[in-house]
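The numbers here are math on the coordinates, done by the rules we state, and not lab data. From a predicted model like this one, the values you see are computed outputs, not experimental measurements. Cβ placement follows ideal geometry from the backbone for every residue including glycine, while neighbour counts extend to all protein chains displayed.
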């Protein structure tokens with residue numbers, strides 16, 4: 001209990017510090033633009049982030065912070081539209097059509113009302129309750145014509161139940177319970193292959209108190225336990241929607257929540273970022289943390305009719321997922337058929353990933369310690385810079401990692417030669433590329449280039465590059481061509 005209290009204190013302190021970083025001394029609001037995250041100066045004022053900041057200030061329980069939160073919350077509530085929603089950015093008022101925002105705001109408003117309603121003052125408490133009434137009415141109207149993603153619907157159902165219980169509104173509670181039952185009946189494990197959606201489900205569980213003990217949550221809890229590498233404090237399941245920020249995976253509420261539940265939060269407490277504000281939402285979920293103990297595990301499943309697997313070991317993890325021509329174009333940059341992460345305890349993970357390229361179909365075979373990946377190449381699109389790089393792997397740049405070809409430092413290799421990635425303590429990964437079907441001329445290269453899932457792409461002025469790129473370049477080839485990549489994990 002004392003450990004959880006200390007981690008909660010760290011989360012709140014970090015959320016406040018991150019909020020202060022983006023807070024304007026002129027307006028008192030947090031200024032941040034989510035679509036231009038790399039800007040040095042932010043002018044827009046996001047409603048949700050400011051609501052999270054108000055909650056964090058209240059959770060600090062410091063008198064001056066409480067007064068600031070009261071003032072901030074009063075000003076935020078003034079921007080609720082007649083329909084009941086809020087604008088995503090304050091300057092958009094009274095235009096508000098971000099339906100997800102309405103659902104997201106339910107959570108900070110609930111925690112504020114439940115735990116701090118008695119210190120808001122009668123006028124502000126009444127204003128918040130009135131705002132919640134309008135918000136819920138708006139959401140219920142929207143749900144009649146719009147279907148939210150499964151995870152967000154679970155968060156909505158939990159919010160309705162929580163508000164119904166606290167404000168003694170049986171209609172809301174009953175509506176939430178019916179929606180929850182419907183969503184649980186249709187729960188699709190494919191939605192779990194997205195850490196942002198896992199975070200929404202964890203928020204729902206926190207609002208539902210001890211509901212996590214029900215049988216229908218068992219598969220979800222088992223999945224998040226098997227796909228969380230606790231020592232590296234990182235998601236290690238199939239990567240479909242995950243982005244990279246510089247050298248490491250993008251931090252979000254999932255990482256904070258899982259770190260909090262499993263007691264490995266310190267790895268994330270050395271930075272201030274807008275994502276840290278979400279830490280103010282985190283409350284314990286009963287004894288769920290004890291069910292998420294790190295252990296060696298293997299799991300597998302399906303995503304849109306293709307196979308995936310995840311092997312979670314003591315200090316490393318491997319995930320593989322196939323690819324077919326039916327996958328959506330919008331996820332091509334983040335779709336990761338191969339991902340290997342490793343590192344020392346409580347260190348951020350290093351990663352070797354396969355992303356991008358020009359394969360219409362990818363399959364894998366795993367026979368420990370060897371992975372074989374088969375790339376069925378699509379129509380050759382030409383000899384330009386990007387199109388000719390048809391099989392690509394990326395490795396974050398780090399002084400402890402050395403890349404060699406046949407024990408020689410070089411930037412060029414041929415098919416069937418062995419590319420060695422030497423790690424610390426004599427451990428290594430060995431890769432080789434072989435043409436199985438078709439014919440052509442190929443040349444392998446090792447160069448510096450950012451992976452396609454990188455959010456902070458190379459700045460032409462600053463030349464910021466965070467990865468080594470190991471790829472096969474096509475000079476010419478037949479229309480039908482298949483390449484096999486063999487990767488041996490020498491980790492003992």
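Summary of values
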item	result
Projected label distance in nm at residue 422 and residue 125, using a 7 Å step from Cα toward the beta-carbon	6.8
Gyration tensor verdict on region 128-222 (Cα atoms; rounded if a/c is under 1.5, prolate if a/b is larger than b/c, oblate otherwise)	prolate
Cα gyration tensor shape for region 2-290, rounded if a/c is under 1.5, else prolate or oblate	rounded
Tilt relative to the chain, helix 253-262 - C-alpha long axis, 0 to 90 degrees, to 10	90
Part-to-part distance (alpha-carbon centres) for region 15-42 and region 385-426, which is given in Å	40
The chain, relative contact order in percent, only Cα pairs under 8 angstrom and at least six apart counted	11
Ranked list, fewest to most other Cβ atoms within 10 Å of each Cβ, for 309, 7	309, 7
Sequence of 110, 21, 118 once ranked by neighbouring C-beta atoms within 10 Å, starting from the fewest	118, 21, 110
P(r) tail fraction, region 297-490 - alpha-carbon pairs more than 24 Å apart, %	38
Debye log10 I(q)/I(0) at q = 0.14 Å⁻¹ for region 194-251, Cα point scatterers	-0.45
Fewest-first ranking of 431, 187, using other Cβ atoms within 10 Å as the exposure measure	187, 431
Given (1) 25.6; (2) 24.3; (3) 26.6, the label whose value is Kirkwood radius over Cα pairs in Å derived from this model	(2)
Euclidean distance between Cα centres, region 164-230 to region 53-77, Å	29
Helix axis angle, 150-166 relative to the chain longest principal axis, alpha carbon, degrees	20
CD proxy at 222 nm, helix term only [per DSSP H run n ≥ 4: -39500 (n - 2.57); per residue of the chain; nearest 500]	-10500 deg cm²/dmol
Global form of region 1-134, assessed from the alpha-carbon gyration tensor, a/c cut-off 1.5	oblate
Between helix 47-60 and the chain: long-axis angle, C-alpha atoms, 0 to 90°, nearest 10	70
